[in-house]
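Here's the structure, in structure tokens; my notes come after.
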Amino acid sequence: MRDRAWRRYKQDVKVLQRLHDIICTYGYGRKDENGVYLVNPSIKSFIGSEEYCRFKTYTTDKHDSRYKTKYSPNKKNSYYRDNNKDGRRELDKVLFLKILKEYGIK
Amino acid sequence: MELSNLIPSKSDDWNIKKGTLFYKKLQNIPMAKIDDDVVYVFLECSIPRIVIDLVRHLMKIGVEFYFLPPSWSHPATVIDNSVVIKHYFTSYSKDKFFIGFNKIGFDMMGNLVNWCKKEDCIPLIKENYNEINKRVQKTYYDWYVNKEVSSYSDDIREEFRTLYRDIQISMIL
């Protein structure tokens, strides 16, 4: 069920992942929200900070997620898609339909 | 007195482990502990709304409580009363605590004086107050708007100007 609790959980996972990524950039330490200087900042020291609030948003300007080619059968605009690549959902579906037709199920 | 009585809401985020009350926000953050029938609340600046809710609840049930810096939740921390007093002042100078505590009618400086009387460290108040007040009253000239600006709001700066007088009155009372 993709309810509010699920969305909160997914948001926390994303925020944790983003915080993990930036922790290594604080090589010279960092002041936490309580004004204590930490040489090795942990995730706890980022809670309530500007970074934490920024990372809570789902929006992104990164190329891999913003310009990602997203498949949808209802999409009007056509675009180039390499169907030879493995792991494509729609390609699997085409193959599956072929097999069904061979056996006369569909 | 039990820690479970201190939980202000029915939320699942509150939990108790090893004699400490925690609030879960990404990770478990220590919020309160009981020592000799006195509640010590960790004044965590990263989650002010939760701390204010907890203080409101403690005022409602009428228990004796004092604040401690969150770093004191770690057993290896060196105990220094000056750090606690400084943390009282720095937290009070933050917008969210200043507005929140005034809204619920909590006298934070009275609480500080009571803690200092208990720990017998009243002379430390003056030096820590001077240090934080100097930081709060500091202004710098902004050439874009051609006037003096401060990183603290006017209400907080006004309050801090006469704060030591209020502390002295609390000492007498």
Count of residues meeting criterion [among the aliphatic types (A, V, I, L, M) and touching a residue at least 40 places away in the same chain (Cβ under 8 Å)] in segment B:8-41 = 1
Kindly provide the set of residues from segment A:37-59 that are out of contact with any strand residue (DSSP E or B) (no Cβ under 8 Å at 6 or more places or on another chain), part of a loop (DSSP other than H, G, I, E, B) and within 11 Å of another protein chain (Cβ to nearest Cβ), ordered by number.
-> A:S42, A:G48, A:S49, A:K56
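What about B:P30, is it within 19 Å of A:I47 (Cα to Cα) and touching a Gly at 6+ places or on another chain (Cβ under 8 Å)? Explain how you work it out, then say what you get.
Working: within 19 Å of A:I47 (Cα to Cα): yes; touching a Gly at 6+ places or on another chain (Cβ under 8 Å): no.
Answer is no for this residue.
In the set B:Y129, B:Y140, which member is over 21 Å from B:T20 (Cβ atoms), free of Cβ contacts under 8 Å to residues at least 40 places away in the same chain and away from chain A (no Cβ under 14 Å)? Reasoning before the result, please.
Details: B:Y129 fails: free of Cβ contacts under 8 Å to residues at least 40 places away in the same chain.
The conditions single out B:Y140.
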Tabulated pairs, segment A:44-58, first under 14 Å from A:H20 (Cα atoms), second surrounded by 10 or more Cβ atoms within 10 Å (Cβ to Cβ) and of a type in the set (G, A, S), C-beta under 6 angstrom, 6+ apart or interchain = A:I47/B:S46
B:K103: modelled with pLDDT of 90 or more, under 27 Å from B:D53 (Cβ atoms), surrounded by 13 or more Cβ atoms within 10 Å (Cβ to Cβ) and of a type in the set (K, R), yes or no?
-> no
Flagged in segment A:12-36 as within 18 Å of B:L26 (Cβ to Cβ), of a type outside the set (A, V, I, L, M, F, W, C) and facing chain B (nearest Cβ under 10 Å), in numbering order, are A:D12, A:D32, A:E33, A:N34
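The values are calculated or read from the model by the stated rules, or taken from the named source; none is laboratory data. As the structure is a prediction and not an experimental result, all values here were calculated from the model. Glycine also receives a Cβ, built like all others from the backbone with ideal geometry; neighbour counts cover every protein chain displayed.
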